[in-house]
Amino acid sequence: MLDALTVAVSVAALALAAWCGFAAYRNQSTKDWHFIGMAVVTFLALVQLVVGIVQLVRGEKAEEGGTIFVAYLLGALCAVPAAGLLSLTERSKWGSATVAAGAVVLAVLEVRLYDIWTVG
Amino acid sequence: MTATESGTASGSGTGTGTGGPGSGSGGSRAGRLVKGPGLLVVWLYGVMSVGAVSRSIFQIATEFDRAPLAYALSAVAAVVYAFITYTLVRGGETARKAALVCCAAELVGVLTVGTWTLVEPSAFPDATVWSDYGYGYVFIPVLLPLTGIWWLRRSRTAA
């Protein structure tokens, strides 16, 4: 797939994880700025989903199968927003920690996406 | 209110609705498990549930014959994760006990399957969620039940 995009999402996700992890460390809940950050990361994941599907439609093959590939793309799209919604119910540092965990999950999914797309 | 968490008192106080986890369940409903660190535990269980369930469904539907034992064990793991997630979200004393039992079962499962895969790799042509103590999942499968048990025991003393 578009390697640059995968790298961009991974870096953005790790940055978000560090940012929210820092907020949790400082005993702060998620603020508006964090949600803007989550929106940016989610947008990148959405672009990745669209690009991935377009490439599949154009006839390119994911090494481990198209179904798994799309499933992982959807998982990558949902990881950060889901954690963000949860953090709205927990206005403490644990909400921030959950978003950080969600961003780490996204980064791990990106590594898997890369494996699934390219020849192992 | 004894702040058992880190002592850095930030000026912008966090909401008073849910007090600190260990500081008496003042505002929150008694027996509620999704609060404080519990949110993080539930989130991780939710992620593992989604991952394990979708993985099992896919593997059993498409290539069950290749590694029946591994895929069956993955399905068991998926059910355990989904059940624990459900009990945590539901809350209450009964759910807490059920979740505690399942976390213990999960820990036993991870250790058993982890050891099994190391001792007799030939029985597992493909990996399970619990292979090598959850190596493929950043060891979350072995760390999560420990965290879960810790949180569930602590919820009792706090309630």
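Readers should treat all values here as calculations from the given coordinates under stated rules, not as data from a laboratory. In this text the structure is predicted, and so the values were computed from the model without any measurement. For neighbour counting, all protein chains shown are included, and Cβ atoms are generated from backbone atoms with ideal geometry for every residue, glycine included.
Net length available on complete extension from A:Val7 to A:Leu88 is 26.3 nm, with 0.36 nm assigned per residue and the Cα-Cα distance removed.
By the count of other C-beta atoms within 10 Å, a proxy for reagent exposure, A:Val47, A:Val41, B:Val119 are ordered fewest to most as B:Val119, A:Val47, A:Val41.
The tail of the calculated P(r) for the stretch B:53-159, taken as Cα-Cα distances beyond 23 Å, holds 31 percent of the pairs.
The mean count of C-beta atoms from other chains within 10 Å of the C-beta of residues in B:43-55, rounded to a whole number, is 4. Placing unit charges on each Cβ (+1 for Lys and Arg, -1 for Asp and Glu) gives the protein assembly as shown a dipole about its Cα centre, and among B:Gly31, A:Phe43, B:Tyr133 the Cα reaching farthest toward its positive end belongs to B:Gly31. The relative contact order of chain A comes to 42 percent, based on Cα pairs under 8 Å that sit 6 or more residues apart.
Mean per-residue shielding of peptide A:107-117 is 1, counting Cβ atoms of other chains within 10 Å of each Cβ. Look at the alpha carbon pairs under 8 Å that are at least 6 residues apart: their mean separation over the length of the stretch B:37-158 gives a relative contact order of 28 percent.
Every pair of different Cα atoms in the protein assembly as shown enters the Kirkwood calculation, which places the hydrodynamic radius at 19.9 Å.
Applying the criteria of a DSSP loop state and at most 13 other Cβ atoms within 10 Å to the GluC sites (Glu not before Pro) of the stretch A:49-119 yields A:Glu60, A:Glu63. Simple point charges give the picture: +1 on the Cβ of Lys and Arg, -1 on the Cβ of Asp and Glu, and for the stretch B:37-158 a dipole about the Cα centre of about 660 debye. Across peptide A:97-106, the average count of Cβ atoms from other chains found within 10 Å of a residue's Cβ is 3.
More than 17 Å apart: what percent of Cα pairs in chain A qualify? The calculated P(r) of chain A puts 51 percent of pairs beyond 17 Å.
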